[in-house]
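J.: One structure, as structure tokens, below. Some questions next.
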Amino acid sequence: MNPTVLAVTRRIRDRSAKSRAEYLERVQRAIDRPRGSERMGCANVAHAFAALPSDDKLRVVAERAPNIGIVNAYNDMLSAHQPYEGFPAVIRDEARQQGATAQVAGGVPAMCDGVTQGLPGMELSLFSRDTIAMGTAIALTHDVFDAALLLGICDKIVPGLLIGALHFGHLPCVFVPGGPMSSGLSNNEKSKVREQYAQGLVGRDKLLEAESAAYHGPGTCTFYGTANSNQMLMEAMGLHVPGAAFIHPHDGMREALTREAVRTVLEITKGRRFTPIGQLVDERVIVNAMVALLATGGSTNHLIHWVAVARAAGIAIDWTDFSELSQVTPLLARVYPNGSADVNQFQAAGGPGFVIRELLDHGVMHADVAAVAEGGIGAYTRVPQREGERLVWSQLPAKSGDDHVVRTAAAPFSETGGLKLLTGNLGRAVIKVSAVPAERHVVEAPAIVFETQEELLAAFKAGELERDLVAVVRFQGPRSNGMPELHKLTPPLAVLQGKGFRVALVTDGRMSGASGKVPAAIHVSPEVLAGGALGKVRTGDRIRLDAVAGTLDALVDADEWAARETAQLSDAHRDINAHGLGRDLFGGMRRNVLSAEEGAVTWL
């Protein structure tokens, strides 16, 4: 094992000793109880199973057959979640074949950030994660289940389901993905049209044509954003059926993998190879997820989400842990926006199995961890294949299927991972360096301060940004407006960078898994509404973003800086953020949310 990985893991374990021990004690108390149908009153049991067919009632009550709870994030607004409509019937059928029962315990909301990007609905996006966690808890709190299957893929949905499941840590759980859509218009071509539209070179008709050619069918979007990073991390944590992440929804193997998920969760129920999720997800498994994220240049959102996931298991991690792991984690994948390939090309080149094998062999992932699959995390270095009606798993070739997309640890794209911590007089922030050209890792330029992304877009359209600049977009943190993604700022900033200007973005908001080639210091903490130093910046101040040294500073005289007051959010903006399109309902979350580095959790 790499000594830095071991040291970070030990530090996390020591830091978390008390909270983790308390968590495991609660898990064990729940494990030690009698089964739900034996523990509960007769009326409770009757209500729980009233709608089951008679033979299923007999199985679960008299024969004590395992009962699987399904938590489903189905809706047909999300292309990735539309295929889930038919999954419960498949799961119930397979459960019956295995002598068990299955019930849809509940559904959870699942919003599409692609639909709400740049609109008021995006201000509910981050908070939807904790809403999903609570919805998962409501579903599972019926407390008649021996195991759970969790059906979700996209941005906040998987972290929310995982947080919710970890609050039921006594249950064995398997996550069931649906797969990516087929490749359409390439991500690079789509981005070119977006930049042309930002410059007024093409109209809305051409933009809509391009977007519709890129997002065109069932399955996840094909770039390596938060949704597909989720799937990589589920593999690296051993919570999927091995190799399930990136099989197309309509591939014949998808149903076979879903049925295998039923068999897998039954194999790890009590009395068998018992593997409850609360015991499975320990400090080493969290570190494995962090390393897999870094090795693939994954979504910056996970520097928030996985802090929250770890907290749900009594484990405390922070951005320093990510930064130190990044220094020893080789970058093994180039998938858009960190390269030109999409996730289907990533899968064809070797996919998660290839990456996990290389990381294990390189000593930067813990091999001695539990997983839902028999054989532990080593099972995730193989890929599923059909042999007639049977699923089998085979070894991947030693060489990459395409070394422009996936490489070995012996010949990585970079010796270090895709994310970097920035610190300085502006606070703590992160930058996704894997997508940024090396000559753009250091930017020093005058600041132009904006309080909304709309202000920046208006300035760009008015031709006021034709210069070297650091765009400071503030009041975008969790407490201000729910920390919406600012992905719509990428095309205009990319246009300016393409004209030869030195350009960067600094914000207490998010840029999502689609963070691209423009250097962006994001998640600046503390956020301005919590007194963060970004509120002291004035238009014209020189800002230095140095991703090589890991610094983020306003180059202002120290005495003047100390004397400056922090800007306040205007009443008009505060009122806009608080009302309309459901935002009123989330006022309590905005008031109680912790910082981005603390996971932006609302339940502590």
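The values are calculated or read from the model by the stated rules, or taken from the named source; none is laboratory data. Since the structure is predicted, the reported quantities are computational estimates derived from the model, not experimental observations. Quick reminder, even Gly has a Cβ in these numbers, built from the backbone with ideal geometry, and neighbours come from all protein chains shown.
J.: Return yes when Arg259 is surrounded by fewer than 24 Cβ atoms within 10 Å (Cβ to Cβ), of a type outside the set (Gly, Ala, Ser) and modelled with pLDDT under 95 and no when it is not.
T.: Numbers: surrounded by fewer than 24 Cβ atoms within 10 Å (Cβ to Cβ): yes; of a type outside the set (Gly, Ala, Ser): yes; modelled with pLDDT under 95: no.
No, not satisfied.
J.: I've got another one for you. I'd like to know if the range 460-473 contains one or more residues that are surrounded by 22 or more Cβ atoms within 10 Å (Cβ to Cβ), touching a residue at least 40 places away in the same chain (Cβ under 8 Å), of a type outside the set (Lys, Arg) and more than 25 Å from Met111 (Cβ to Cβ). So that I can check it myself, show each step before the final result.
T.: Taking the range 460-473 first, the residues surrounded by 22 or more Cβ atoms within 10 Å (Cβ to Cβ) are 469-473.
Now narrow it down to the ones that are touching a residue at least 40 places away in the same chain (Cβ under 8 Å): 470, 472.
Now restrict to residues that are of a type outside the set (Lys, Arg): 470, 472.
Add one more test, that the residue is more than 25 Å from Met111 (Cβ to Cβ), and what stays is 470, 472.
Within the range 460-473, one or more residues are surrounded by 22 or more Cβ atoms within 10 Å (Cβ to Cβ), touching a residue at least 40 places away in the same chain (Cβ under 8 Å), of a type outside the set (Lys, Arg) and more than 25 Å from Met111 (Cβ to Cβ).
J.: While we're on this one: If I ask for residues that are surrounded by fewer than 20 Cβ atoms within 10 Å (Cβ to Cβ), among the aliphatic types (A, V, I, L, M) and not in a helix (DSSP H, G or I), which ones from the range 89-116 would you list?
T.: Of everything in the range 89-116, just one residue is surrounded by fewer than 20 Cβ atoms within 10 Å (Cβ to Cβ), among the aliphatic types (A, V, I, L, M) and not in a helix (DSSP H, G or I), namely Val104.
J.: Just wondering, is there one or more residues in the range 117-125 that are closer than 23 Å to Val174 by Cβ, part of a loop (DSSP other than H, G, I, E, B) and among the polar types (S, T, N, Q)?
T.: Residues of the range 117-125 closer than 23 Å to Val174 by Cβ: none.
No: the range 117-125 contains no residue that is closer than 23 Å to Val174 by Cβ, part of a loop (DSSP other than H, G, I, E, B) and among the polar types (S, T, N, Q).
J.: Given the criteria surrounded by fewer than 24 Cβ atoms within 10 Å (Cβ to Cβ), assigned to a helix (DSSP H, G or I) and either assigned by TED's automatic domain parsing to the domain that holds Gly314 or modelled with pLDDT under 95 (or both), does Thr131 qualify? Write out each step before concluding.
T.: Details: surrounded by fewer than 24 Cβ atoms within 10 Å (Cβ to Cβ): yes; assigned to a helix (DSSP H, G or I): yes; either assigned by TED's automatic domain parsing to the domain that holds Gly314 or modelled with pLDDT under 95 (or both): yes.
Against the criterion (surrounded by fewer than 24 Cβ atoms within 10 Å (Cβ to Cβ), assigned to a helix (DSSP H, G or I) and either assigned by TED's automatic domain parsing to the domain that holds Gly314 or modelled with pLDDT under 95 (or both)), Thr131 qualifies.
J.: Which residues, taken from the range 536-561, are over 24 Å from Ser480 (Cβ atoms) and either in contact with a helix residue (DSSP H, G or I) (Cβ under 9 Å, 6 or more places away or on another chain) or not basic (Lys, Arg) (or both)?
T.: To start, the set of residues in the range 536-561 that are over 24 Å from Ser480 (Cβ atoms) comprises 542, 544, 546-551, 555, 557-560.
If the condition is that a residue be over 24 Å from Ser480 (Cβ atoms) and either in contact with a helix residue (DSSP H, G or I) (Cβ under 9 Å, 6 or more places away or on another chain) or not basic (Lys, Arg) (or both), then Asp546, Ala547, Val548, Ala549, Gly550, Thr551, Leu555, Asp557, Ala558, Asp559, Glu560 are the ones that fit.
J.: Also: Looking only at helices (runs of 4 or more DSSP H) that fall completely inside the range 182-267, which ones have 1 or more residues that are in contact (Cβ under 8 Å) with a residue 12 or more places away in the chain and out of contact with any helix residue (DSSP H, G or I) (no Cβ under 9 Å at 6 or more places or on another chain)?
T.: Details: elements: 187-198, 204-214, 226-236, 252-267.
In the range 182-267, 187-198, 252-267 are the helices (runs of 4 or more DSSP H) which contain 1 or more residues that are in contact (Cβ under 8 Å) with a residue 12 or more places away in the chain and out of contact with any helix residue (DSSP H, G or I) (no Cβ under 9 Å at 6 or more places or on another chain).
J.: Would you please list the contacts, defined by Cβ atoms under 6 Å and residues six or more apart or on different chains, that run from a residue in the range 359-376 that is closer than 20 Å to Thr416 by Cβ to a residue that is surrounded by fewer than 24 Cβ atoms within 10 Å (Cβ to Cβ) and not β-branched (Val, Ile, Thr)?
T.: Leu360/Ala367; His362/Ala409; Gly363/Met1; Gly363/Asn2; Val364/Asn2; His366/Arg284
J.: I would also like to ask the following. Restricting attention to the range 589-604, which residues are under 17 Å from Met122 (Cα atoms) and either among the small types (Gly, Ala, Ser) or touching a Phe, Trp or Tyr at 6+ places or on another chain (Cβ under 6 Å) (or both)?
T.: Across the range 589-604, the qualifying residues are Met589, Ala596, Ala600.
J.: Give just the number: which of (1) touching a strand residue (DSSP E or B) at 6+ places or on another chain (Cβ under 9 Å); (2) buried (at least 23 other Cβ atoms within 10 Å of the Cβ); (3) outside any strand (DSSP E or B) does Ser480 not satisfy?
T.: Status for Ser480: all satisfied but (1).
J.: Give the range 393-425 a look and list any residue that's under 14 Å from Ala348 (Cα atoms), touching a Leu at 6+ places or on another chain (Cβ under 8 Å) and among the aliphatic types (A, V, I, L, M), or say none.
T.: Across the range 393-425, the qualifying residue is only Val406.
J.: Which condition from (1) part of a helix (DSSP H, G or I); (2) within 28 Å of Ala578 (Cα to Cα); (3) at pLDDT 95 or above; (4) not aliphatic (A, V, I, L, M) is the one that Gly86 breaks?
T.: With respect to (1) part of a helix (DSSP H, G or I); (2) within 28 Å of Ala578 (Cα to Cα); (3) at pLDDT 95 or above; (4) not aliphatic (A, V, I, L, M), Gly86 is out only on (2).
J.: So which of Ala348, Ala292, Ala367, Ala310 is within 22 Å of Pro397 (Cα to Cα), crowded, with 24+ Cβ neighbours inside 10 Å and of a type outside the set (Asp, Glu)? Even if it seems obvious, please write down each step before you answer.
T.: Numbers: Ala348 fails: crowded, with 24+ Cβ neighbours inside 10 Å; Ala367 fails: crowded, with 24+ Cβ neighbours inside 10 Å; Ala310 fails: within 22 Å of Pro397 (Cα to Cα).
Criteria check complete, one pass: Ala292.
J.: Looking at (1) more than 27 Å from the chain's Cα centre (by Cα); (2) within 25 Å of Gly463 (Cα to Cα); (3) surrounded by 17 or more Cβ atoms within 10 Å (Cβ to Cβ), which is the only condition Gly535 fails?
T.: (2)
J.: Does the range 561-574 hold any residues that are surrounded by 11 or more Cβ atoms within 10 Å (Cβ to Cβ) and either of a type outside the set (Ser, Thr, Tyr) or not assigned by TED's automatic domain parsing to the domain that holds Gly531 (or both), and which are they?
T.: Passing the criteria: Trp561, Arg564, Ala567, Gln568, Leu569, His573, Arg574.
J.: Filter the range 41-63 down to the residues that are in a loop (DSSP other than H, G, I, E, B) and at pLDDT 90 or above, then identify the one that is nearest to Phe168 (Cα to Cα). Talk me through it step by step, then tell me what you get.
T.: Filtering the range 41-63 down to residues in a loop (DSSP other than H, G, I, E, B) leaves 41, 50-53, 63.
Next, from what is left, pick out any that are at pLDDT 90 or above: 41, 50-53.
On the way: Gly41: 21, Ala50: 24, Ala51: 24, Leu52: 24, Pro53: 27 Å.
Here the residue is Gly41.
J.: Could you name every one of the helices (runs of 4 or more DSSP H) located completely within the range 305-420 that has at least 2 residues being of a type in the set (S, T, N, Q) and farther than 30 Å from Thr264 by Cβ? Full working, then the answer.
T.: On the way: elements: 319-326, 343-349, 351-361.
The helices (runs of 4 or more DSSP H) meeting that bar are 319-326.
J.: Among the residues of the range 451-461, is there at least one that is out of contact with any Leu (no Cβ under 8 Å at 6 or more places or on another chain) and part of a strand (DSSP E or B)? Spell out how you get there, then give the answer.
T.: Applying the first criterion (out of contact with any Leu (no Cβ under 8 Å at 6 or more places or on another chain)) to the range 451-461 yields 452, 454-455, 458, 461.
Adding the requirement that they be part of a strand (DSSP E or B) leaves none.
No, there is no match, as no residue in the range 451-461 is out of contact with any Leu (no Cβ under 8 Å at 6 or more places or on another chain) and part of a strand (DSSP E or B).
J.: Can you confirm whether the range 425-435 contains a residue that is among the basic types (Lys, Arg) and over 24 Å from Thr551 (Cα atoms)?
T.: Looking through the range 425-435, none of the residues is among the basic types (Lys, Arg) and over 24 Å from Thr551 (Cα atoms).
J.: Could you tell me which of the residues Arg59, Arg29 is under 25 Å from His167 (Cα atoms) and of a type in the set (Lys, Arg)?
T.: After ruling out the rest, the residue left standing is Arg29.
J.: With the requirement that a residue be modelled with pLDDT under 95 and either within 22 Å of Ala341 (Cα to Cα) or basic (Lys, Arg) (or both), what does the range 369-396 give you?
T.: Arg386, Arg390
J.: Right, next: Scan (1) buried (at least 24 other Cβ atoms within 10 Å of the Cβ); (2) under 26 Å from Ala549 (Cβ atoms) for the single condition Glu439 breaks and write down its number.
T.: The single condition Glu439 does not satisfy is (1).
J.: So which pairs qualify, if the first residue must be in the range 548-571 and in contact (Cβ under 8 Å) with a residue 60 or more places away in the chain and in a strand (DSSP E or B), the second must be surrounded by 10 or more Cβ atoms within 10 Å (Cβ to Cβ) and of a type in the set (Asp, Glu), the Cβ gap must be under 6 Å, and the two must be at least 6 apart or on different chains?
T.: Ala554/Asp541
J.: Moving on to the next point. When you look at Asp553, is it more than 18 Å from Val443 (Cβ to Cβ) and of a type outside the set (Gly, Ala, Ser), yes or no?
T.: It is false that Asp553 is more than 18 Å from Val443 (Cβ to Cβ) and of a type outside the set (Gly, Ala, Ser).
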